[in-house]
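Notes follow the structure.
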Amino acid sequence: METKGRLIAGSHNRNEFVLINADEIARVTSVKELSGQICKICGDEIEVTVDGEPFVACNECAFPVCRPCYEYERREGNQACPQCRTRYKRVKGSPRVDGDEEEEDTDDLENEFDIGVNDRKDPRHVAEALLSARLNTGRGSQAHVSGFATPSEFDSASVAPEIPLLTYGEEDVEISSDKHALIVPPSHGRRIHPMLFSDSSMPLPPRPMDPKKDLAVYGYGTVAWKERMEEWKKKQSDKLQVVKHQRGKGGENNGGDELDDPDLPMMDEGRQPLSRKLPISSSKISPYRLIIILRLVILGLFFHYRILHPVNDAYGLWLTSVICEIWFAVSWILDQFPKWYPIERETYLDRLSLRYEKEGKPSKLASVDVFVSTVDPMKEPPLITANTVLSILAVDYPVEKVACYVSDDGAAMLTFEAISETSEFARKWVPFCKRFSIEPRAPEWYFAQKVDYLKDRVDPAFIRERRAMKREYEEFKVRINGLVATAQKVPEDGWTMQDGTPWPGNNVRDHPGMIQVFLGHNGVHDVEGNELPRLVYVSREKRPGFDHHKKAGAMNSLVRVSAIITNAPYMLNVDCDHYINNSKALREAMCFMMDPTSGKKICYVQFPQRFDGIDRHDRYSNRNVVFFDINMKGLDGIQGPIYVGTGCVFRRQALYGYDAPIKKKPPGRTCNCLPKWFCCCCRSKKKNKKSKSNEKKKSKDASKQIHALENIEEGIEGIDNEKSALMPQIKFEKKFGQSSVFIASTLMEDGGVPKGASSASLLKEAIHVISCGYEDKTEWGKEIGWIYGSVTEDILTGFKMHCHGWRSVYCMSKRPAFKGSAPINLSDRLHQVLRWALGSVEILLSRHCPIWYGYGCGLKWLERFSYINSVVYPLTSIPLIAYCTLPAVCLLTGKITTEQPSQKGRKAEYGGLATGKMVPTIQANPPYSDNTMSTVKTMNSDH
């Protein structure tokens with residue numbers, strides 16, 4: 001080949017060669033001058049596109065390059081123009097390469113992603129062709145110029161007749177029984193792997209196989225192998241039936257669905273636990289515990305010396321320093337001991353599906369009501385709230401089991417209109433998310449991600465749908481931002497709705513309650529005709545003269561409204577700026593809540609808080625790594641993490657103030673070896689009598705609750721009740737409020753709407769339970785729901801649940817379940833920290849202070865230490881300031897807060913040096929010699 005002074009470039013694997021001119025300098029030409037010109041790289045004529053225009057590779061300098069050289073340079077070269085060094089952009093009709101910008105057009109997807117050009121573009125066919133071309137090299141086989149074998153070369157007819165064949169467990173009439181060895185898929189009619197030798201002149205010997213052995217030994221699926229599997233499954237099912245029958249006869253097993261056979265979980269994965277604990281390895285936790293013990297010993301020795309050696313000359317300073325040091329030590333102890341037994345947890349979503357989602361049957365997963373709270377749309381942008389709602393509606397959970405309630409505590413028409421626009425956009429967004437299983441399902445953060453379309457060979461239908469959906473979302477953002485711009489200037493007469501009716505919430509502090517159901521089971525469907533989760537807008541009533549208790553009151557209103565409309569047994573609470581980042585977050589929580597063995601004692605599942613938009617150095621410490629990644633794991637090993645206000649799945653019964661179920665203990669042993677007067681069994685008899693009396697009381701209370709439920713249901717149906725039967729109902733009304741429908745829903749542990757209630761009565765009750773005076777003379781905010789009395793109502797609410805004997809769970813999934821927005825400036829961060837500190841002080845000074853509240857209940861001591869530490873930490877600022885001020889005071893007064901062992905000797909020495917007189921104690925000091933002493937005397941006499 002004559003190169004004519006050109007540089008040879010190419011790719012051996014692709015069998016491509018290019019001659020590049022190295023001695024010619026190209027000049028800048030216009031697009032019109034390219035017509036009929038030749039490529040400056042290979043010398044071929046530049047083609048004309050379908051539109052009749054000449055092909056232009058570089059839009060900056062129009063350097064003449066043909067399409068093959070352009071595509072090669074983008075695929076194998078530096079992807080830049082040889083003249084101006086500008087990066088090549090994709091031209092219509094050429095395939096996409098790594099680094100290309102995201103495009104919005106969908107009319108050139110076939111060329112952009114090189115779809116449907118040839119069957120060999122499929123990765124499997126390319127791999128087969130490359131393997132066949134490599135193995136056939138030098139064997140006299142007829143190969144194509146490109147080096148790729150055509151699919152016809154892989155046809156089953158070309159297989160050497162000496163090679164035994166095997167179909168997938170099905171006997172083929174055309175193939176004899178002694179030729180079943182290689183797998184030939186019946187659907188394609190070709191082998192999965194190409195033959196190593198395709199030349200018939202070099203036959204391969206048949207694979208030696210023992211006819212006495214089963215073909216499964218050789219790794220092939222045969223009919224006999226399938227029969228063995230069926231027989232094994234039958235034995236396992238028979239064993240399961242036998243164990244069930246024996247358990248039914250005995251009736252002594254209190255473990256629920258747990259069976260005693262250790263081999264049983266292996267044969268039925270759906271009966272295995274849905275989660276498990278993962279203790280921290282001893283190599284990590286043991287040194288940490290050892291350091292804690294060592295520090296305790298050092299602290300004990302330190303305080304022993306400090307207290308027994310006071311400084312009389314500076315007693316006030318000494319006492320202040322000792323008090324501050326004791327406070328610091330106690331704070332350290334309260335912080336360290338709850339971390340003594342940290343654990344991690346792991347969930348099994350596949351077991352959850354096996355247990356509660358069976359094919360052909362409706363899902364048995366529990367329903368979940370999701371609460372989103374917002375107040376001021378100017379401080380909490382409606383677009384952020386809309387993204388949170390969209391992520392909830394698109395969650396990976398049965399649609400009939402999810403309901404989203406948005407609480408607008410500011411009664412803003414802007415929020416109402418934004419939720420209305422969100423419900424319309426959800427009809428397109430939800431099916432798109434579920435069809436392609438995208439993450440996250442909040443469109444703002446999903447489209448902000450960069451997608452590598454060439455990775456894993458993205459489906460062209462997905463690319464087309466994604467670009468169309470992005471345009472839809474951009475239009476949705478324009479509408480939302482238009483609403484925000486319109487709401488900047490409020491009309492003098494207030495806002496009016498589309499039908500001319502004045503907006504009920506024009507007066508934020510004096511407006512009626514409002515409820516609007518946008519989406520529901522019988523309401524609007526998505527664009528594919530499928531049902532959507534229920535979306536409900538709620539704005540509670542507000543009147544002058546009533547204390548509405550801010551966020552805690554709004555959350556309690558949502559609890560009551562959701563109990564009337566859907567009454568799901570579980571509730572998820574998220575802030576308006578915390579979207580669901582993991583669509584399986586609800587399933588993660590249900591692995592704990594719906595576990596048949598340990599789930600009934602769990603009051604809530606807390607997820608860690610993760611944030612977007614935090615700088616790399618996290619200058620404002622928004623991540624709270626120590627708290628969320630260390631402290632919460634330690635609390636999970638005791639009684640559970642504290643509630644942090646968002647990203648938490650609750651059990652509704654726990655919020656209603658009910659106690660946790662008590663685990664039954666096995667009966668104690670009795671001895672008959674000694675006389676009754678000599679034995680201590682009398683004590684056990686007394687205890688048995690007390691336990692029987694307690695059981696009788698509990699049974700009476702349970703019968704009262706059941707009787708009250710019957711009376712309430714009768715009240716709904718309109719049947720008159722007797723005065724004696726209404727007494728339990730009156731007690732419930734004093735506790736939950738005067739709503740018979742709501743009281744009936746509180747007694748339904750598994751959720752559901754009470755029977756006999758019509759839709760009109762439910763709507764009337766829903767407006768009733770969000771009225772401003774509904775909570776008067778009830779236990780709402782005291783023992784039920786979110787607890788009032790503090791700005792940080794989350795800590796107080798979780799503390800009350802733990803006092804009732806419940807435990808909580810900390811779930812850290814591999815993909816963060818929720819993500820939110822963090823303060824981006826110092827003033828917002830300081831305001832947030834000040835609010836937390838103020839709430840902790842309010843709890844410290846209230847009757848619910850963990851120092852003196854909740855003794856004799858189910859709260860564990862280490863859990864109490866954690867709550868005490870969370871409410872007293874703001875007071876640490878006082879001893880910290882005092883301790884930092886002590887050095888300055890000591891410098892000004894000339895006194896010190898510690899007594900040194902040689903303090904008296906040094907005083908005498910300093911006094912003698914000042915007066916010129918020698919003290920006997922100095923002469924006894926060995927470091928001084930006679931010459932040194934005479935020198936000191938001379939210096940003193942000179943002075």
Residues that are of a type outside the set (Ser, Thr, Tyr), open to solvent by 30 Å² or more (accessible area, probe 1.4 Å) and on the phi > 0 side of the Ramachandran plot: does region 452-462 have at least one? yes
Can you find a residue in region 832-841 that is open to solvent by 10 Å² or more (accessible area, probe 1.4 Å), at pLDDT below 90 and not in a helix (DSSP H, G or I)? no
For region 30-87, how many residues are among the polar types (S, T, N, Q) and either at pLDDT 80 or above or closer than 20 Å to GLU101 by Cα (or both)? 5
Just the residues that are free of Cβ contacts under 8 Å to residues at least 60 places away in the same chain, open to solvent by 60 Å² or more (accessible area, probe 1.4 Å), over 19 Å from GLN336 (Cβ atoms) and among the hydrophobic types (A, V, I, L, M, F, W, C), please, taken from region 842-898. LEU845, TRP852, ILE878, ILE881, CYS884, LEU891, LEU892
Just one of (1) outside any helix (DSSP H, G or I); (2) surrounded by 21 or more Cβ atoms within 10 Å (Cβ to Cβ); (3) within 22 Å of the chain's Cα centre (by Cα) trips up ILE438, so point out which. (2)
Filter result for PHE650 (touching a strand residue (DSSP E or B) at 6+ places or on another chain (Cβ under 9 Å), of a type in the set (Phe, Trp, Tyr), surrounded by fewer than 20 Cβ atoms within 10 Å (Cβ to Cβ) and within 20 Å of PHE371 (Cα to Cα)): no
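If we scan region 772-781, do we find a residue that is in contact with a strand residue (DSSP E or B) (Cβ under 7 Å, 6 or more places away or on another chain), modelled with pLDDT of 90 or more and crowded, with 24+ Cβ neighbours inside 10 Å?
no
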In region 826-841, anything over 22 Å from PHE650 (Cβ atoms) and either among the hydrophobic types (A, V, I, L, M, F, W, C) or free of Cβ contacts under 8 Å to residues at least 24 places away in the same chain (or both) is listed as LEU826, SER827, ASP828, LEU830, HIS831, GLN832, VAL833, LEU834, ALA837, LEU838, VAL841
Per the list (1) more than 28 Å from LEU586 (Cα to Cα); (2) open to solvent by 20 Å² or more (accessible area, probe 1.4 Å); (3) touching a residue at least 12 places away in the same chain (Cβ under 8 Å), residue check on SER821 breaks on (1)
Is it the case that LEU393 is open to solvent by less than 40 Å² (accessible area, probe 1.4 Å) and farther than 20 Å from CYS648 by Cβ? no
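The values are calculated or read from the model by the stated rules, or taken from the named source; none is laboratory data. Every value quoted in this text rests on a predicted model; they were computed, and no experiment measured them. Counting neighbours? That spans all protein chains shown, and the Cβs are built from the backbone with ideal geometry, glycine included. For the accessible areas, the whole protein counts, side chains as well, though only heavy atoms, and no ligand, DNA or RNA atoms are used. Shrake-Rupley method; radii C 1.70, N 1.55, O 1.52, S 1.80 Å.
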